[in-house]
Every structure is written in C-alpha cells, then in structure tokens.
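Worksheet: the structure to be examined is printed underneath.
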C-alpha cells in the first residue's frame, strides 16, 4: 500500500504516542506527510468560531506532545487545531480536504452495556472516511 499523506487525530489519550509512532513508521517508508489534528468540539450554543481559550491551550499542549513523539521517531508532523460541532465529521472532512491515504487513530478500551465499543467518533470515521482507516486500541488490561 502506497501512502503519501496520513491524518492522525489526537486527543491527549494514552493512544496518542502509539498512533504517532505508527504513522511515523509507515510514513518513513513512503516519505509521506503526516498531519496531526486536535478537534475542539464547540457546543451548539456557541458560534463555531468562538474563542475557547482553555481548549485552545489544551489542544496546543497535546499537539506539542505529538510533535515530540514524532521528533523522537526522527520525523516531522504538521499540526493544526480545528473547531467543529463533532469530532467524527471534522476528521472525515479534513481527510477529504487534505486528500489523505489513511487515517490512523487511537481508541480507548470502552464498554457499553457490557460490550466493547469503539465509540461514536471512531465509528463515524470508519463508516464515512474515503480512505484507509486504522484503529489502534489500547490493551484491554489497561482498565
């Protein structure tokens, strides 16, 4: 599989390091470009372009960490903070806009009604992204 552009949504979870390292490993072989994004979910009561300073600061710190993970893997990532009503559609829209070949995203181990679930965001991306989608789930033992 030839990959020239990879999108990596990060959110400050324990899987961020793994997905950045995986994206770097894949991208090195193909000399691909990596885009790491952090999406701020804006409540419907606020305008979409509302200045949400605490979330902007949180996103900047998470993206700085993503850059550090990539630097440790001897690779560079482009980072961007996005604001949207929901994370899933924002990830898919960004994948389309950037023409990426793959989205690599982490999912935590969640149970709902006693069954494992990937969550709303990953489910949306899996169903709607026009490219490869790779999910990296943390080990079940991390509960």
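The values are calculated or read from the model by the stated rules, or taken from the named source; none is laboratory data. These numbers were taken from a predicted model, which means no experiment stands behind them. We place every Cβ from the backbone using ideal geometry, glycine too, and count neighbours over all the protein chains shown.
Of note:
- Subset of segment 94-121 (residues that are modelled with pLDDT of 95 or more and exposed (fewer than 15 other Cβ atoms within 10 Å of the Cβ)): 96, 97, 99
- The set of residues in segment 1-59 that are surrounded by fewer than 16 Cβ atoms within 10 Å (Cβ to Cβ) and assigned to a helix (DSSP H, G or I) comprises 25, 28, 29, 30, 53, 54, 56, 57.
- Residue 76 in a loop (DSSP other than H, G, I, E, B) and either at pLDDT 95 or above or closer than 27 Å to residue 1 by Cβ (or both): yes
- Count of residues meeting criterion [closer than 16 Å to residue 103 by Cα and in contact with a helix residue (DSSP H, G or I) (Cβ under 8 Å, 6 or more places away or on another chain)] in segment 24-60: 9
- Within segment 35-64, the set of residues being touching a strand residue (DSSP E or B) at 6+ places or on another chain (Cβ under 8 Å) and farther than 30 Å from residue 23 by Cα comprises just one member, 50.
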